[in-house]
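The values are calculated or read from the model by the stated rules, or taken from the named source; none is laboratory data. Predicted model, so just to flag it, every value in this text is computed and none were measured. All Cβ positions, glycine included, derive from the backbone under ideal geometry; neighbour counts span all protein chains shown.
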Amino acid sequence: TGKEADILKTVLAYNLARAYEDDGEVVQAAQWYRDVLRQHPEHMESKVRLAMLAAAGGRNFDAHTLLKECLKADEANISLRSVYTNFLVSIGSFKEALAFTSQTLKFEKSDAATFCALGWLHFTLGREAKRPQELGERTKQYLRSAEAYERALSIDPSCATAAQGLAIALAEDALALKPQGMAVSTMDEAKARMRIAGQALSIFSRINDSLSDGSVNVNMGHCYFVRGEEEKAIQSYEAALIIYKGRNVSVLLYLARSWYAFANRESNFSAMSKALSYCQRAMHLQPADRAILYNIAMIQQKAAEMLFALEPAKRTLQELVVALKQAQQAANTFRVLADDRSGALPYDADLADQRARYGDGLLRKAPEQMSRQEAFEGETQARVEEARKTRAEEQARIQAAEAARRAEIEARAAELAEQRRKARVEAQAWQEELNTRQTEEETKKAAAAERRKRRREGGEIESADEGGEKKVRKRKVGGKKGRKIRSKSEISTEEEEDVRMDEHEEREARSSGDDDGMAAREQMENQGIRAVKAQDTLAMLKARKRNRKPVDDADEEEVVTTSRRKGKEYKSKAYISDSDEFEEEEEDDDAVGDALPAADDVEDEVGEETGIEKPTLPADEDAEDE
């Protein structure tokens, strides 16, 4: 029907406006709200939303007018009265909000949210009491706040907001601070404050587990601050500031207060600068708040006062310059605040004037403080420079000693390496020489073994003729038969000759590795020696043949002659028995003969090497017989 269609159109238009509002499209949302009100002027929800949009835009008069119209239409609406209470709180009308909330209880006495709002308003009025005549009502306000929160908990035991408010009210009632700048009077009161703050902190910790709200962190920060734990209070306030996205003025001022207390306790200029920065951020959000301006001037003046009280060793000239500049600004600010008579002030004008005069006194001490600090830092800088120079010299000395030590180590290492290299070279040369000698000895041993083998075999002996061709010459079988017995002198002479030839061969072997010049000279000497040896050998052979005994026994001579003709030798029994006595001597002669080259060979070599013609030996009887 037409009525149902109109209702549906109104509902859809309102919901569309709410969607635009949630999406941030404030203009389009307000347009749709007005469209609904043109069709239905009595639609209270659209007026309330328009009032909230006006308040968010800073048009408080328009918002107040719209809410008043709604209250006239439906004065008993609890939700509407709650919205109006929040509006009064947002514009700072705490007393009007308290009166209006008290009237709300006439319409609904079982609403926990209304009692929470009432408790918060009583607490705020008690905390914001600044004037001396208002301080007497502070405790009463805290007590009424606690009663309101207790009623809210009796209605809704699970209300975390009421539990938090009750803890705050009870803590503030017991922890109620005296006027600004005054400390607690007795030790018992201080202990009571610490005890109650600890109890409230335990409650807030449990509430924080169930209620994720910045106010819980703020209250925990208050408890830490009262207990003197400024570092933990700063952490709680910073957590709350993150939840509020850094735009909550109260939290910024709480942080400034905590840093200010920490700076005074530790005499820390950096902490005082942090307190000043948080106050300046709060001033940027509320430029017209003269209480914040007063706090900024107070922090600036206190920073200079704190630095003047410090020893020069605990401050720097740069910090002193900054503090003096801030002290000058603070004195000017206090003069302006003291001269302001525009109306109700959130501070005492007389106290501001006293602060201005006190700042002038601080500035008169500035030249003396600056000169002291400059002199101290000059001396310190000189000592530091001297220490740096001494340290640099010591470092240079250490580095030079280290460099010398490294150079010495490297030199010793190089010398040791050279010694090792030479030792390796000498060892290698010695090993090579040893190997050469071993090779020569093995060669000599092999040659001697070969000669002994040839003697034992008694076989054919090769000899080279002058044309280089080898001819086979048979030993004479009857050579031993006609030999005469040699004397010891002849045997020793032959042995000496053998020793001489062995020594000569060793000298030739040792001289084989010398240079070409030495080899040439030794070759000439060897040729002469060989010639002499050849002559001696020929003479010795001739002497042997002349000294042979003639054959006396005719039978033996006949047997020998017959055997020579037949090419074979047969010994008679008498010769065999005689020759046994000389067998050892014959073997020695054979050894000497084998050790020496054959006569024909020696003569050939002498003829070839020295140019001496081979002498012609006289033919003996054996040769004629052959």
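Note on segment 356-382: among residues that are surrounded by 14 or more Cβ atoms within 10 Å (Cβ to Cβ) and among the polar types (S, T, N, Q), the one that is farthest from Asn332 (Cα to Cα) is Gln373. Looking across segment 264-273, the residues that are farther than 17 Å from Ala330 by Cβ and in a helix (DSSP H, G or I) come down to Arg265, Glu266, Ser270, Ala271. Any chance segment 56-69 includes a residue that's at pLDDT below 85, in a helix (DSSP H, G or I) and under 30 Å from Tyr149 (Cβ atoms)? Yes: segment 56-69 contains one or more residues that are at pLDDT below 85, in a helix (DSSP H, G or I) and under 30 Å from Tyr149 (Cβ atoms). Looking at segment 346-355, can you tell me whether even one residue there is loosely packed, with under 10 Cβ neighbours inside 10 Å, touching a residue at least 12 places away in the same chain (Cβ under 8 Å) and over 38 Å from the mean Cα position of the chain (by Cα)? Yes, segment 346-355 has at least one match. Of the candidates Leu118, Leu105, Leu125, the single residue that is closer than 20 Å to Ala163 by Cβ and either over 60 Å from the mean Cα position of the chain (by Cα) or part of a helix (DSSP H, G or I) (or both) is Leu118. Contact annotation: residue pairs with Cβ atoms under 7 Å, 6 or more positions apart or on different chains, pairing a residue in segment 195-217 that is touching a residue at least 24 places away in the same chain (Cβ under 8 Å) with a partner that is among the hydroxyl-bearing types (Ser, Thr, Tyr) and in a loop (DSSP other than H, G, I, E, B), are Gly214/Tyr244. Taken together, Ala152, Ala97, Ala148, Ala76 contain a single residue that is over 60 Å from the mean Cα position of the chain (by Cα), in contact (Cβ under 8 Å) with a residue 40 or more places away in the chain and on the phi < 0 side of the Ramachandran plot, which is Ala152. Taken across segment 196-216, residues that are out of contact with any strand residue (DSSP E or B) (no Cβ under 7 Å at 6 or more places or on another chain), surrounded by 17 or more Cβ atoms within 10 Å (Cβ to Cβ), more than 28 Å from Ala275 (Cα to Cα) and modelled with pLDDT under 85 do occur, with at least one present.
Residue by residue, here is whether (1) farther than 30 Å from Gly378 by Cα; (2) assigned to a loop (DSSP other than H, G, I, E, B); (3) of a type in the set (Lys, Arg) holds:
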| position | (1), (2), (3) |
| --- | --- |
| Lys245 | yes, yes, yes |
| Ala288 | yes, yes, no |
| Leu293 | yes, no, no |
| Ile299 | no, no, no |
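Can you spot a residue in segment 30-42 that is free of Cβ contacts under 8 Å to residues at least 12 places away in the same chain and small (Gly, Ala, Ser)? No, every residue in segment 30-42 fails to be free of Cβ contacts under 8 Å to residues at least 12 places away in the same chain and small (Gly, Ala, Ser).
For segment 306-318, give me the residue count where each residue is in contact (Cβ under 8 Å) with a residue 40 or more places away in the chain and farther than 11 Å from Gln369 by Cβ. Total satisfying the criteria: 4.
Kindly establish whether Ala169 is touching a Ser or Thr at 6+ places or on another chain (Cβ under 6 Å), of a type outside the set (D, E, K, R) and either on the phi < 0 side of the Ramachandran plot or at pLDDT below 75 (or both). Yes: the conditions hold for Ala169. Kindly indicate whether Ala117 is under 30 Å from Ala129 (Cβ atoms) and of a type in the set (A, V, I, L, M). So Ala117 fits the description; yes.
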